[in-house]
Amino acid sequence: MANNDLQPRRTTRKEYLLTRKQQEQYRQIRLAALALGGLLLLILGIGLIFEYVIKPGQPVAAVDGTEIALSDWQDRVVLERKQSIDTIDQLYEAVGGDVNQLFQFAGQQLNTVASPAVLGQQVLLQMIDEVLIRAEAERRGITVSEAEIQQEIEEQFDFYGGELPPTPDVTQTPEPTPSVTPIVSADAEPTAEPETDVTPTTEPTPLPTSTPVSAAGFDELFGERLTEFAAFGGTEADYRERIELQLLSAKLQDAFAEEQGLTTEEEQFSLLYISFQDEAEAQTVVADVADGKPFLTAWNEIRSAERVTNTQPFASEFQFTALESISGSLGAEVAGVLETLEVGATSDPIGNDTGRFIVVNLRGREDRPLSEARIDQQKRDMLQEWLVEAEKQAVIYESRWEGNVPDRPILDPKYFTPVETEPVIPEIPEIETEE
């Protein structure tokens with residue numbers, strides 16, 4: 001009996017089959033777990049491939065067959081954010097940490113950086129314009145050489161190969177602005193018309209001239225600029241590419257100006273005017289002029305009178321100014337009258353949209369050369385108008401950019417915390433009481 005107790009118990013057939021069944025179940029569970037793990041790894045791998053391989057190459061816009069990749073656009077947004085935030089940081093230091101004052105100088109820039117979608121859209125439109133400009137320049141055979149790029153970079157840092165910088169043309173720089181005419185005494189003997197015309201009282205201010213730098217100075221300054229640019233994630237090749245695009249844009253503007261016949265002159269007007277709140281008062285001055293009173297005498301009387309309220313008439317002038325500028329100041333109604341008014345004539349009262357009545361005496365009308373600034377602005381306007389039309393015809397936008405706008409680097413929240421100022425408590429005067 002003792003020996004039988006020490007012998008292992010034989011497994012029954014039922015127990016053997018049950019064990020086999022459990023082992024098979026465990027094996028199937030392990031296989032299912034391995035298959036599920038493999039599937040999860042596959043899904044994760046596909047996700048990583050899509051996120052870091054496929055997705056960055058997907059377009060955010062197609063410009064006449066040329067695609068702008070998501071990754072290129074995102075890199076550009078990050079670069080623009082870095083540059084904008086660096087500028088904001090410098091301004092913040094310049095204003096002594098006064099956030100309220102900072103918003104006066106860079107409020108729009110702050111709001112743009114604080115809204116990633118706004119900045120992202122601006123960058124996308126800018127990249128689209130660049131593709132359009134390059135494509136149109138290529139179509140026209142417009143190119144920019146490396147020598148031109150190098151020369152432009154050097155001139156931006158006031159390096160002219162050891163020579164003096166070109167002398168700026170200041171003869172056309174100042175835009176026509178109202179000037180002060182010497183007051184003619186009311187006691188002076190009236191004449192039918194003044195013998196001398198109105199003349200500006202200020203001479204054009206010469207533009208400041210650049211101080212040329214040496215070759216060594218240029219190398220140092222340009223090296224510092226590239227170091228700053230590298231801190232934002234840009235390379236020298238990126239910097240030169242930007243300069244190339246600027247030169248291509250300038251050449252394209254010149255091509256549009258030549259095709260469209262850009263005018264370098266415009267009709268300008270020199271005039272005296274009196275502005276009235278009361279139409280009857282304006283009619284009285286017109287009647288006096290019709291009876292022989294020189295307009296300049298009436299103009300000087302009002303000009304020299306002390307103006308206490310805004311309802312009083314006031315007198316001013318324009319020295320050979322474009323009709324567009326006069327229209328912006330006095331109203332389109334006045335501009336319309338000037339187109340047909342004879343030189344030396346005085347208009348009837350002209351009502352404008354501000355509720356005032358303008359009486360104009362036209363002193364002169366002649367074609368005058370446009371300033372270089374006006375000519376350059378017209379060229380830029382031509383390019384911009386072309387870009388707007390080209391975008392409508394050649395650009396296909398992809399909505400995927402909207403959910404993938406980078407928000408780094410982060411803008412410091414301190415810029416949106418208003419500076420608290422201590423309230424000024426007025427001093428309360430002591431009240432003397434009678435004893």
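Key figures for this structure:
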{"quantity": "Residue match in the range 256-266 (condition: polar (S, T, N, Q) and assigned to a loop (DSSP other than H, G, I, E, B))", "calculated": "yes"}
{"quantity": "Candidate set: the range 385-407, residues that are under 23 Å from the mean Cα position of the chain (by Cα) and exposed (fewer than 12 other Cβ atoms within 10 Å of the Cβ); chosen: the one modelled with the lowest pLDDT", "calculated": "LYS392"}
{"quantity": "Qualifying residue in the range 112-127 (condition: crowded, with 20+ Cβ neighbours inside 10 Å, of a type outside the set (A, V, I, L, M, F, W, C) and either within 27 Å of SER249 (Cα to Cα) or not assigned by TED's automatic domain parsing to the domain that holds ASP75 (or both))", "calculated": "yes"}
{"quantity": "Residue in the range 47-58 that is crowded, with 17+ Cβ neighbours inside 10 Å and either among the hydrophobic types (A, V, I, L, M, F, W, C) or modelled with pLDDT of 85 or more (or both) present", "calculated": "no"}
{"quantity": "Residue that is surrounded by the most Cβ atoms within 10 Å (Cβ to Cβ) [pool: residues in the range 269-303 that are farther than 21 Å from GLU339 by Cβ and among the polar types (S, T, N, Q)]", "calculated": "ASN300"}
{"quantity": "In the range 220-252, the residues that are over 11 Å from ILE142 (Cα atoms), polar (S, T, N, Q) and within 22 Å of the chain's Cα centre (by Cα)", "calculated": "GLN246"}
{"quantity": "Yes/no for ASN361 being under 20 Å from TRP299 (Cα atoms) and surrounded by fewer than 18 Cβ atoms within 10 Å (Cβ to Cβ)", "calculated": "no"}
{"quantity": "The lone exception for VAL63 - which of (1) under 20 Å from the mean Cα position of the chain (by Cα); (2) more than 18 Å from GLY233 (Cα to Cα); (3) at pLDDT 90 or above; (4) hydrophobic (A, V, I, L, M, F, W, C) it fails", "calculated": "(1)"}
{"quantity": "Test: residue in the range 414-424 that is over 16 Å from GLU130 (Cα atoms), part of a loop (DSSP other than H, G, I, E, B) and modelled with pLDDT of 90 or more", "calculated": "no"}
{"quantity": "Selection status of LEU248, in contact with an Asp or Glu (Cβ under 8 Å, 6 or more places away or on another chain), assigned to a helix (DSSP H, G or I) and outside the structural domain of ASP348 (by TED's automatic domain parsing)", "calculated": "no"}
{"quantity": "The one condition in (1) part of a helix (DSSP H, G or I); (2) in contact (Cβ under 8 Å) with a residue 40 or more places away in the chain; (3) surrounded by fewer than 18 Cβ atoms within 10 Å (Cβ to Cβ) that GLU333 fails to fulfil", "calculated": "(2)"}
{"quantity": "Breaking point among (1) within 30 Å of ILE375 (Cα to Cα); (2) small (Gly, Ala, Ser); (3) modelled with pLDDT under 90; (4) over 25 Å from the mean Cα position of the chain (by Cα), for GLY141", "calculated": "(3)"}
{"quantity": "First in the range 217-233 and within 27 Å of GLN74 (Cβ to Cβ), second anywhere and of a type in the set (Val, Ile, Thr) and assigned to a helix (DSSP H, G or I), Cβ under 8 Å, 6 or more apart", "calculated": "GLY233/VAL78"}
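The values are calculated or read from the model by the stated rules, or taken from the named source; none is laboratory data. Just so we're clear, the structure is a prediction, and the values are computed from it rather than from any experiment. Here the Cβ is made from the backbone with ideal geometry for all residues, glycine too, and neighbour counts use every protein chain on show.
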